[in-house]
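Following: one structure in structure tokens, then a few remarks.
The values are calculated or read from the model by the stated rules, or taken from the named source; none is laboratory data. Because the structure is predicted, anything quoted here is derived from the model rather than measured. In this analysis, Cβ positions are derived from the backbone assuming ideal geometry, glycine residues included, and neighbour counts consider all displayed protein chains.
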Amino acid sequence: MTEFMTGATAWLAQHPHWIFLVVCGVAFLASFFVIGVLMPGAVMLFALAGLAGALQLPLLPLLVFAAAGA
């Protein structure tokens with residue numbers, strides 16, 4: 001699992017425009033009860049927000065995509 005997260009983070013750092021859709025997807029999946037219990041959505045969203053901040057992506061579109069996913 002660690003190798004997957006490392007690879008996914010590296011890929012998202014190289015393709016920052018995909019972070020918005022990944023945030024939307026994670027928020028969407030975390031909103032379901034069964035999936036939300038199995039998947040740590042808050043931790044994943046926090047990590048994605050940190051990566052978006054490090055890449056200096058705008059905050060408003062990130063919040064809009066997160067709200068649209070939830």
Point to revise | Among (1) closer than 15 Å to G69 by Cβ; (2) more than 12 Å from the chain's Cα centre (by Cα); (3) not aromatic (F, W, Y), the one test that A30 misses | key: (2)
Review point. Of the residues that sit in the stretch 1-29 and are among the small types (G, A, S) and modelled with pLDDT of 90 or more, which one is farthest from P61 (Cα to Cα)?
Key: G7
